[in-house]
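Comments concern the structure below.
We did not get these values from a lab; they are worked out from the coordinates using the rules stated. Source: prediction; values computed, not measured. For neighbour counting, all protein chains shown are included, and Cβ atoms are generated from backbone atoms with ideal geometry for every residue, glycine included.
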């Protein structure tokens with residue numbers, strides 16, 4: 001059962017991570033918006049997962065609001 005739960009969570013994380021660039025571009029998202037998006041899609045993330053999110057987010061750091 002634990003294996004199935006981990007696989008489902010991993011699939012959810014990978015799906016959310018794959019859709020993150022589009023979310024960032026469409027909403028001009030800052031880090032707080034990315035944080036909320038990922039937690040709404042997946043729930044609590046591990047530090048390693050946040051590192052992966054950061055790798056996707058970093059190329060988009062040209063937030064036009066600042």
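Some notes on this structure:
- Residue ranges 24-31, 35-42 sort as 35-42, 24-31 when ordered by packing (mean number of other C-beta atoms within 10 Å per residue, highest first).
- Distance in nm between pseudo-label sites at residue 30 and residue 56 (7 Å out along the Cβ direction from Cα): 2.1
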